[in-house]
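In what follows, a single structure is set out as structure tokens and then discussed.
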Amino acid sequence: MNRRIMLLLGAWLAGSAVLAANLLRNPGFERGNTLFETQRHWPGTVEHIQDAAQARTGKGVIRLVSEPGRGTVLGRLRLRGRQAEPSGKTYVFSLWAQGSGTLYLGGIRQITPPEGKPPYEYVWQEEGVTLTDTWQKVSYTLDLSRQMAKYLVMVVELRGEGEAYLDDVSLETIVQPGAFVSAQTRHLVLPVGKVEDVVLTTQPQATVLVSITKGKDEPVCHELTSNAEGKAVVPGAWFVSAEPADCRIAACLGGAIAHVDVAFVTPESFDRSLNLAKSVALTKPLRILYLGDSLTDFDRGMNYCDKVDFWLNQAFPGLASFRNAGVGGDYITRMEDRMYGRPAHRKEMYDGLWNEKYDLVFIFLGHNDTRTTTESELKAPLVPPEAQDASFRKVVAQIRQHSQAPIVFISGASMVEEICRRNYEKAISTPPSSVLFGLPEHVEDFNDVLQKLSKELGIAYLDVYTPMKNHPDKPSLFYPTDGVHLSTAGHAFVADAILAALASGIGR
């Protein structure tokens, strides 16, 4: 893209579409090259340089040098990680560059290929940018608003003999002015075989791209046109399943996206959860705050928080709501730092936490607190019991200063030790030490402290550890790859435990 086209694009974006926040962390390479990687079969070399004289801003910069390969001279990099569910979105990929050679930005779109073709497709800028000794911004807009892709990986290519210094990288999505789409529900649980439509609300007479991914099947795209009232109906026949499965519906319009996660369960499971919810006997609104780690933070839209909310509203429409303030990787001392406004990972997750009233607060930790390392010979958890005790007391004090809501401690989960140990053994050669999750002795010590605190502080305690430990198919409750994070069945298990506890009057 030449400089004139870039300027016109920038003016168009500034005057109309709205760019979301940068999706990338460490965009200026101040903490090393955490963004880009090359592939063994790609020519070119990359190095990280910590030198303010060579960087555009700060001290970090990376240098890409082209090399001969496959009949040409080039250097190619790709962003680490991939953009999931990119269909319907428009991305703006930008960076600042100086050096020599011609720089192109592009993307690798993972697709369902025609027979005999690879499952990916490269898309590039039509015109590259000739690099000079002056820093210049290079941008590429990749429009997938009407295209299907399972994943998207952004790439950089330096063509011709040369070297490129790269700094201040950004990846953003565009939302067109006035574009919006919402769904009647974020999470839906249905008995297998039941057909139920999903209603979308958007602009009148608008064409919405709907992507449906059922289980491990390939995504399927449809187009819907809303009526004069802005309603569009996703037919249940498009995503119904005759067996237990998870299905994700993504509805996209002008960069605005709404997701609906549908879980198809056995009739027995459906009836059990619904009956538990009915036993709660809500008579007034119930607003729940969830605080936790990745078991609370991951799988948003279909995790245990969403399931509790779905079932309560299924039994008592409109009475239940929640805020999920879970933060992946959290442990009690870091939660304490964030709650007291100190510097902490993802500090923004607690922004405005006490600007609303809650009726109940659940705290679900213990999975990172109890991890251990080779450095301690697997004997010391990350947060020792004494520190756990002191930190929980401070967190409880802070909650009680801002809210009168009852607090419920949820025990640490009984993770799958065999899987955790297997992963530990694979990583044991990684310096300086390897991390092991899920050792029963550490988790049980953690839970002992929780139970002691619950008695001393007048806080309810919900034990999910024991029933998980005794579950006849315990591994099914967790990701098979790590044995730590909850699977769909695990989220349903914890949700049912919370519903049963609510029905018994816990915390109320």
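The values are calculated or read from the model by the stated rules, or taken from the named source; none is laboratory data. Just so it is clear, the model here is predicted, and its values are computed rather than measured. In this analysis, Cβ positions are derived from the backbone assuming ideal geometry, glycine residues included, and neighbour counts consider all displayed protein chains.
Okay, here's what the table says:
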{"item": "From the options 229, 161, residue that is outside the structural domain of residue 74 (by TED's automatic domain parsing) and more than 26 Å from residue 23 (Cβ to Cβ)", "result": "229"}
{"item": "Members of segment 427-477 found to be under 28 Å from the mean Cα position of the chain (by Cα), among the β-branched types (Val, Ile, Thr) and surrounded by 13 or more Cβ atoms within 10 Å (Cβ to Cβ), listed by number", "result": "435, 443, 464"}
{"item": "Residues of segment 217-251 satisfying the condition of being part of a loop (DSSP other than H, G, I, E, B), of a type outside the set (A, V, I, L, M, F, W, C) and under 21 Å from residue 191 (Cβ atoms)", "result": "217, 235, 241, 243, 244"}
{"item": "Close pairs (9 angstrom Cβ cut-off, 6 or more residues apart or separate chains): free of Cβ contacts under 8 Å to residues at least 24 places away in the same chain in segment 68-94, polar (S, T, N, Q) and buried (at least 22 other Cβ atoms within 10 Å of the Cβ) anywhere", "result": "none"}
{"item": "Pair list, Cβ under 9 Å, 6 or more apart: segment 374-394 residue in the same structural domain as residue 454 (by TED's automatic domain parsing), other residue in a loop (DSSP other than H, G, I, E, B) and surrounded by fewer than 16 Cβ atoms within 10 Å (Cβ to Cβ)", "result": "374/428; 374/432; 374/433; 375/432; 375/433; 376/433; 394/340"}
{"item": "Some residue of segment 189-211 being more than 28 Å from residue 111 (Cβ to Cβ), buried (at least 19 other Cβ atoms within 10 Å of the Cβ) and in contact (Cβ under 8 Å) with a residue 60 or more places away in the chain", "result": "yes"}
{"item": "Search result, residues across segment 53-80 that are of a type in the set (A, V, I, L, M, F, W, C) and in contact with a strand residue (DSSP E or B) (Cβ under 9 Å, 6 or more places away or on another chain)", "result": "55, 61, 62, 64, 65, 73, 74, 77, 79"}
{"item": "Any hit, segment 409-418, residues being exposed (fewer than 15 other Cβ atoms within 10 Å of the Cβ) and on the phi > 0 side of the Ramachandran plot", "result": "no"}
{"item": "Residue that is nearest to residue 378 (Cα to Cα) [pool: residues in segment 449-463 that are part of a helix (DSSP H, G or I) and free of Cβ contacts under 8 Å to residues at least 60 places away in the same chain]", "result": "451"}
{"item": "All positions within segment 464-479 that are more than 18 Å from residue 407 (Cβ to Cβ) and not in a helix (DSSP H, G or I)", "result": "470, 471, 472, 473, 478, 479"}
{"item": "The listed residue being at negative phi, surrounded by 21 or more Cβ atoms within 10 Å (Cβ to Cβ) and out of contact with any helix residue (DSSP H, G or I) (no Cβ under 8 Å at 6 or more places or on another chain), out of 128, 101, 60", "result": "60"}
